[in-house]
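The structure under discussion appears below in the form of structure tokens.
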Amino acid sequence: MLTKTSFFIFSICAAALAGCASVPKPNPMTPSSEVIAQLAPMGSLRAVINLGNAVLAGTDVATGAAKGVTVDISNELARRIGKPVSFVTVPNAAKSVEVIGNGSVDVGFFAIDPTRAQTVTFSPPYVVIEGAYVVRNDSPIRANAEVDRAGIQIAAAKGSAYDLYLSRELKNAKIVHAITSQAVVDTFVAQKLDVAAGVKQQLEIDVKRISGLRLLDGRFMVINQAMGTPAGRDAAAKYVTDFIEELKASGFIARALERHKIQGAAVAPPGMPR
């Protein structure tokens, strides 16, 4: 049986607990002033959009403005930090890495690659796409494993994720560089090369555009597409990591892929690739 004193103490404790329960928990996605300063040091979120990756970005025919999944993500990040967004469009991945490295932009979208890690701090991937090969119909090459042979010349976009990967992995075949991903198959045809390497969706478009070509089955690599911040902006990088994970979990990325009618790209699983 409670005495008056113990009842009084019990009541104070209960009231204190109730008061604690009513205090709202801080939202981890509310950006701090440091995060905002690192993501928009010039007053707006400057995002580089790589138009060379047709899966994730493109240009609106009517307005000429950038559009696509990466544009949607940039707009959402700008909304979260309460700043306007400005877009810098570039023709290829190499240029994206260049402008984020020289401080011209605050965020960008890149395939994760160790070669770029000195310049870019990567978020976990938000989508996964595939690298594939195209050959001529009469080519003796029938499988991905047959490509890395002496005398084989492969067209690839200079500085692209698959160019960086193949430059490390190939032991015998040689790479001939095209300027952009969209120019790879044209370079392959014009220079009478043996193989064209690229993002599968772009190659599928090219095979329909140019007769006499075929896509090899399967893939030679998985391309993990991530958001990136300039190296050294640690608070921004942490926020962007949490931001991307939330966009995946909430269905934002899946809806963006659907809205832009992107096929062949999958929402990446949680966390960094192993």
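How large is the accessible surface per residue of the chain, computed with a 1.4 Å probe and reported in Å² as a whole number?
Numbers: 13850 Å² over 274 residues.
Heavy-atom SASA per residue in the chain reads 51 Å².
Given N residues in the range 128-274, what is its alpha carbon radius of gyration divided by 2.2 N^0.38 Å?
On the way: Rg = 17.3 Å, N = 147, 2.2 N^0.38 = 14.7 Å.
Rounded to two decimals, the normalised Rg is 1.18.
To make sure I understand the rule: partners must be lysines, Cα under 21 Å from the Cα of K67, and not fewer than 8 residues away in the same chain. Which ones qualify?
K83, K95, K200, K248, K261
Considering the values (1) 19.3; (2) 20.7; (3) 19.8, which represents Kirkwood radius over Cα pairs in Å as calculated for the structure under consideration?
(2)
Can you list residues whose amide H is under 5 Å from T121's amide H, if they're 5+ apart or on another chain and H is modeled 1.01 Å from N?
Under 5 Å from the amide H of T121 lie the amide H atoms of T229, A231, each far enough along the sequence or on another chain.
Show the residues, 5+ positions off or on another chain, whose built amide H is closer than 5 Å to the amide H of L45.
Result for L45 returns V85, S86.
Computed over the Cα atoms, what is the radius of gyration of the range 28-143 divided by 2.2 N^0.38 Å, N being its residue count? Walk me through the numbers before you get to the answer.
Details: Rg = 16.7 Å, N = 116, 2.2 N^0.38 = 13.4 Å.
The reported ratio for this selection is 1.25.
For the range 73-116, go through all pairs of different Cα atoms, get the mean of 1/r, take its inverse, and jot down that Kirkwood value in Å.
Hydrodynamic radius (Kirkwood, Cα pairs) of the range 73-116 is 11.6 Å.
Which of I49, I210, I100 ends up with the largest GNM mean-square fluctuation for the chain, with Cα atoms connected below 10 Å?
Answer for the Gaussian network model of the chain: I210.
Translational D (Stokes-Einstein, µm²/s) of the range 172-256 at 37 °C and 0.692 mPa s when Rh comes from the Kirkwood sum over C-alpha pairs?
Details: Rh = 16.1 Å.
The estimated diffusion coefficient comes to 204 µm²/s.
How high is the relative contact order of the range 31-154, in percent, with contacts defined as C-alpha pairs under 8 Å that are six or more residues apart? Show your work: numbers first, answer last.
Working: 133 pairs, mean separation 32.1, N = 124.
It rounds to 26 percent for the range 31-154.
Could you give me the ³J(HN,Hα) list for the range 140-145, computed from phi with Karplus coefficients 6.51, -1.76, 1.60 and θ = phi - 60°, whole Hz, x at Gly and Pro?
x, 6, 10, 9, 4, 5
Restricting to the chain, what percent of DSSP beta bridges are antiparallel, rounded to 5? Let's see the in-between values first.
On the way: 24 of 38 bridges.
Looking only at bridges with both residues in the chain, the antiparallel portion is about 65 percent.
With contacts defined as alpha carbon pairs under 8 Å and 6 or more residues apart, what's the relative contact order of the chain in percent? Walk me through the numbers before you get to the answer.
Values: 494 pairs, mean separation 66.7, N = 274.
Computed over the chain, the figure is 24 percent.
Grab the DSSP H runs of the chain that are 4 residues or longer, score each as -39,500 (n - 2.57), total them, divide by all residues and round the 222 nm result to the nearest 500 deg cm²/dmol.
On the way: 9 runs with 99 residues, N = 274.
Using -39500 (n - 2.57) per qualifying helix, the result is -11000 deg cm²/dmol.
Per residue of the range 67-73, what does 6.51 cos²θ - 1.76 cosθ + 1.60 with θ = phi - 60° give for ³J(HN,Hα)? Whole Hz please, x for Gly and Pro, Karplus curve as stated.
Couplings: 8, x, 4, 5, 5, 4, 5 Hz.
All other residues with a Cβ under 14 Å from the Cβ of I262 taken together, and with Lys, Arg as +1 and Asp, Glu as -1, what is their net charge? Write down the numbers at each step before the final one.
Numbers: positive: K67, K200, R255, R259, K261; negative: D72, E130, E204, E258.
It works out to a net charge of +1.
Taking amide H positions as placed in the peptide plane 1.01 Å from N, state which residues far from A226 in sequence (5 or more) or on other chains have amide H under 5 Å from it.
The answer is F110, A111, I112, Y126.
Cβ under 10 Å from V97's Cβ, V97 left aside: what net charge do those residues give with Lys, Arg +1 and Asp, Glu -1? Walk me through the intermediate numbers first.
Numbers: positive: K95, R116; negative: E98, D113.
Value of the local net charge: 0.
Carbon and sulfur atoms: what percent of the 1.4 Å accessible area of the chain do they account for? Mind showing how you got there, number by number?
Details: 8030 of 13850 Å².
It is 58 percent, rounded to a whole number.
How many angstrom separate the Cα center of the range 157-198 from the Cα center of the range 66-138?
With the range 157-198 and the range 66-138 each reduced to a Cα centre, they are spaced 20 Å.
In Å and whole numbers, how far do the C-alpha atoms of the range 92-138 stretch along each principal axis, longest first?
In descending order, the Cα extents are 47, 21, 16 Å.
Less than 12 Å Cβ to Cβ from R233, Lys/Arg counted +1 and Asp/Glu -1: what total charge do the surrounding residues give?
Working: positive: K238; negative: E34, D106, D234.
Summing Lys and Arg as +1 and Asp and Glu as -1 gives -2.
The values are calculated or read from the model by the stated rules, or taken from the named source; none is laboratory data. Since the model is a prediction, treat every value here as computed from it, not as a measurement. Note: ideal-geometry Cβ built from the backbone for every residue, glycine included; neighbour counts use all protein chains shown. Ligands, DNA and RNA are stripped out before the accessible areas are found, and what is left, the full protein with its side chains, is counted by its heavy atoms. Shrake-Rupley method; radii C 1.70, N 1.55, O 1.52, S 1.80 Å.
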